[in-house]
Amino acid sequence: MRARGPSYKIRPGKRGSVRSRNGLAERCKLAAAAIASEPHTSRSSAASEESSKGGALLVEEDCRRAVMKTFKSSCSILLLERLEDTAVNYILSHPEYSKMFSTDLKRKRSSLVRDPVLQSIGVYSCDPESAVVISEAVASAAQQLVSACLEEDNGCPIIFVCGPKNVGKSTFNRYLINQLLQHIPRIDYLDCDLGQTEFTPPGCISLIHVTKPVLGPPFTQQRDPHKMVYFGDTTCEQDMERFIESVKYVITGYKRNHPLIINTMGWVKGFGLLLLIDLIHLLSPSHIVQMTLKDNNMMELLTPEYIRNSSGFMTKSQAQCRHRNLNYFDDEEEAECRHQPHPKTLKQHHLIHIESDFNGAGDTNNMLCHNWILRDLAMSGYISKLQQFDPDQIIPLNGLLPYEVPFNSVALRVIHTDVAPSHIMYSVNASWVGLCHILDDIDRQDSGPVLLTQTPICDCLGFGIIRGVNIKKKIYHILTPLPPETLRLVNCLLIGNVSIPHSIFKHQPGVQGDVPYVTTEYDFSIYGSGKIKLKTHLKRREHL
């Protein structure tokens with residue numbers, strides 16, 4: 001809101017580029033001219049003189065007091081700062097994303113009163129249809145969960161959020177996290193959505209300690225997880241059993257001293273529903289938030305009765321295993337399960353059903369951004385951590401100094417596909433790699449690469465790019481933002497089905513001639529040039 005008389009102070013980010021600050025000053029000049037041309041606008045002579053000299057709109061003490069007098073107790077004051085950091089600058093340096101933060105004024109501009117000062121910093125009035133509207137059902141569900149988290153008798157709720165694609169699960173999770181952080185200092189977040197991760201690059205199952213509000217998209221808030229497994233793919237349909245085992249491994253890091261929010265995939269049909277049932281049996285949530293489409297029964301309501309009487313992909317229903325105390329472990333795992341940090345018995349949960357009725361709910365064709373673009377942005381946000389010097393100067397991959405890792409100091413595994421040992425280095429070069437730690441000792445007798453025959457379920461400490469392979473010296477050249485003290489723990493490299501965004505290879509500033517890692521002469525007709533998809537799961541007898 002703007003009252004008569006005051007001018008405005010626009011404060012750019014502390015780490016903003018000189019070009020951005022100059023551009024901001026020019027926009028402020030235009031805003032100043034617009035304000036000066038408005039009728040019945042009185043401005044103090046001191047403020048006018050400062051605006052004409054410095055090219056910026058400065059607020060004097062008397063003007064600030066005048067503004068404050070117009071505010072009522074129901075008003076809010078927002079401090080806006082430009083989002084300028086290494087991640088944003090790095091993403092905007094690629095032509096595909098150079099207009100990521102621009103607005104389509106023809107589509108979004110509203111007929112409401114426009115403020116030239118707000119417009120000078122990129123804030124416009126929008127039509128209600130283009131805004132994110134929190135429905136009464138979502139607000140009510142969030143309030144119920146906040147109350148449950150504040151009840152001492154209820155302990156720390158485990159909140160399981162599920163539903164089909166594009167029904168608002170991520171938006172609900174962010175809203176719920178921000179609501180909870182107003183009352184408690186921390187929320188734990190278990191991300192089981194491989195394709196649309198919230199705080200990590202794609203292809204991960206992670207447990208995050210969230211202590212700050214979630215205000216931006218995933219690529220602006222990459223955070224270090226408390227515990228993480230690199231699954232290596234954006235979907236688990238090729239290896240569902242390893243997906244469940246990975247979730248079981250990650251959940252051991254949860255000590256149940258804070259509320260837990262569980263994010264799930266949008267795969268709710270067929271095997272996807274069976275996996276949801278497995279996760280509910282495994283994690284024993286106290287609350288299930290099921291988001292469905294209005295007037296569309298895509299999935300059954302996950303009531304306590306339905307969960308008790310349903311079998312998953314790896315688990316059996318309660319009726320099928322009444323003779324066991326733990327309904328989803330076999331005899332060999334039963335003893336081990338008793339030593340886990342929280343009980344594994346199936347409990348009665350409270351179901352909160354939300355019908356999504358916003359425009360375009362459930363229709364992935366109406367999404368403003370494709371999923372693969374969001375994944376590329378999340379990876380670019382992580383890769384931007386390599387740019388640790390000047391945020392205004394982007395260094396290409398071939399200009400960064402890599403770590404040298406001997407072949408025999410780490411074990412290597414290409415997951416989700418079979419690669420002949422004689423061709424393993426071809427698949428490794430220029431690949432996205434999970435930097436992991438396994439408990440097994442590495443056989444260092446041979447100087448050649450140490451190849452694993454099975455994919456381990458182990459801690460992933462971070463990620464990197466294998467910039468090159470020196471066969472003669474038997475050394476991997478790895479780019480990673482991980483600090484040396486963390487790298488000392490890495491003894492396993494996992495190569496998955498998650499590729500580096502093409503824009504990072506195609507647009508490397510400062511490169512003359514042939515671009516490293518890029519070729520236009522690839523022959524797809526060569527036998528074995530395409531990846532091999534393996535179906536590692538079969539229908540169990542009870543599902544036939």
Residue match in the stretch 499-508 (condition: over 29 Å from residue 235 (Cβ atoms) and either touching a Leu at 6+ places or on another chain (Cβ under 8 Å) or modelled with pLDDT of 90 or more (or both)): yes
Lone qualifier among 465, 500 - being assigned to a loop (DSSP other than H, G, I, E, B) and either closer than 22 Å to residue 378 by Cα or under 25 Å from the mean Cα position of the chain (by Cα) (or both): 500
Residue in the stretch 133-146 that is modelled with pLDDT of 65 or more and either in contact with a Cys (Cβ under 9 Å, 6 or more places away or on another chain) or under 30 Å from residue 506 (Cβ atoms) (or both) present: no
Pairs where the first residue, in the stretch 496-515, is closer than 21 Å to residue 428 by Cα and the second is of a type in the set (Ser, Thr, Tyr), C-beta under 6 Å, 6+ apart: 501/380; 505/517
Within the stretch 261-281, considering residues that are assigned to a loop (DSSP other than H, G, I, E, B) and open to solvent by less than 10 Å² (accessible area, probe 1.4 Å), the one farthest from residue 170 (Cα to Cα): 268
Test for residue 215: is it touching a helix residue (DSSP H, G or I) at 6+ places or on another chain (Cβ under 9 Å) and within 28 Å of residue 500 (Cβ to Cβ): yes
Residues that are among the hydrophobic types (A, V, I, L, M, F, W, C), free of Cβ contacts under 8 Å to residues at least 40 places away in the same chain and farther than 28 Å from residue 234 by Cβ, drawn from the stretch 396-447: 401
Hits in the stretch 178-205 (condition: of a type outside the set (A, V, I, L, M) and free of Cβ contacts under 8 Å to residues at least 40 places away in the same chain): 178, 179, 182, 183, 185, 199
Selection from the stretch 378-435 of residues that are of a type in the set (A, V, I, L, M, F, W, C) and in a loop (DSSP other than H, G, I, E, B): 389, 394, 395, 400, 401, 410, 415, 419, 420, 430
Flag for residue 448 being at pLDDT below 80, surrounded by fewer than 18 Cβ atoms within 10 Å (Cβ to Cβ) and under 30 Å from residue 240 (Cβ atoms): no
Failed condition for residue 469, given (1) modelled with pLDDT of 75 or more; (2) open to solvent by 70 Å² or more (accessible area, probe 1.4 Å); (3) under 28 Å from residue 436 (Cα atoms): (2)
Close pairs from the stretch 165-177: first on the phi > 0 side of the Ramachandran plot, partner among the β-branched types (Val, Ile, Thr), Cβ under 6 Å, at least 6 apart: 166/364
Residue ID - most open to solvent (accessible area, probe 1.4 Å), chosen from residues in the stretch 282-305 that are closer than 17 Å to residue 157 by Cα and part of a strand (DSSP E or B): 287
Residues (loosely packed, with under 15 Cβ neighbours inside 10 Å and within 18 Å of residue 466 (Cβ to Cβ)) located in the stretch 380-399: 399
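The values are calculated or read from the model by the stated rules, or taken from the named source; none is laboratory data. Just so you know, these numbers come straight off a predicted model, no measurement behind them. Backbone-built Cβ (ideal geometry, glycine too); neighbour counts: all protein chains shown. Quick note on the areas: whole protein, heavy atoms, side chains included, nothing else; ligands and nucleic acids left out. Shrake-Rupley method; radii C 1.70, N 1.55, O 1.52, S 1.80 Å.
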